[in-house]
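**Student:** I have a structure here, written as C-alpha cells, and I will follow up with some questions on it.
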Amino acid sequence: MMVMTADGDRAVSPVENPLLRGLLVIGGLMMTGLGIAGFVVPGLPGTPLLLVAAWLFSMSNDRLYRWMVTNRWFGQAIADYRAGLGIRRRIKITAVAMVIVVVSLSVGWGLDSPWLRIGVAALGAYGVYFILTRPTRETVLGEG
C-alpha cells in the first residue's frame, strides 16, 4: 500500500512491522508537539519539526499523515515542501531571524564554554544555510 499526500502526491511506503510502526507514531507525535511549541517558543524550529513528524507519519499512520497535510495552520507548508515547491519567503525570513537572535543571545550571554559557543554558532550557521538553500515558494495572490 502506498501513502498519498492530500494533493495525490506519492509518499513513502508504510512500515509493515507493528513495533516499528508504533515507534514511528510516537516519534511523530513528539515531533508534532515540539513543532507546535516551536511557533511560540523562541529558538525552537516549528516547521522543520512538523516536516519530520509528517515524514514519520507517512511511514506509519495514514490518518495522522492526512491530518498533518490537511491541517489548516501548517498543512499547506508541509504539502508545499513535500511537493518540492519549497518554503514560503515569510517563513524563511522568520526562521532565519529567530536562529540569528537565539544563537546570538546564547553565544553572547548564555554559554560560558568556548567550545559550546563554537558548537552553537556552527549549528546556527548550518541552520541558516539549510533554510536559505531550500527552494523559496513565492506566495500566490490570494494566499496567506
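The values are calculated or read from the model by the stated rules, or taken from the named source; none is laboratory data. Because the structure is a prediction, the values reported are computed rather than measured. Neighbour counts are summed over all protein chains in view; Cβ atoms, including those assigned to glycine, are modelled from backbone coordinates with ideal geometry. For accessibility, only protein heavy atoms count, side chains too; no ligands or nucleic acids. Shrake-Rupley method; radii C 1.70, N 1.55, O 1.52, S 1.80 Å.
**Student:** Name every residue in segment 23-61 that is farther than 26 Å from M98 by Cβ and open to solvent by 50 Å² or more (accessible area, probe 1.4 Å), in order of residue number.
**Tutor:** L23, I26
**Student:** Output the residues belonging to segment 70-128 that are at pLDDT 90 or above, closer than 21 Å to T32 by Cβ and β-branched (V, I, T).
**Tutor:** T70, the sole residue that qualifies.
**Student:** Next up: Taking segment 62-75 as the search range and keeping residues that are closer than 24 Å to V128 by Cα and without any contact (Cβ under 8 Å) to a residue 40 or more places away in the chain, which one is surrounded by the fewest Cβ atoms within 10 Å (Cβ to Cβ)?
**Tutor:** Filtering segment 62-75 down to residues closer than 24 Å to V128 by Cα leaves 73-75.
Now narrow it down to the ones that are without any contact (Cβ under 8 Å) to a residue 40 or more places away in the chain: 73-74.
On the way: W73: 9, F74: 21.
Checking each candidate, the answer is W73.
**Student:** Looking at segment 95-121, which of its residues are within 29 Å of P135 (Cβ to Cβ) and open to solvent by 80 Å² or more (accessible area, probe 1.4 Å)?
**Tutor:** If the condition is that a residue be within 29 Å of P135 (Cβ to Cβ) and open to solvent by 80 Å² or more (accessible area, probe 1.4 Å), then I100 is the only one that fits.
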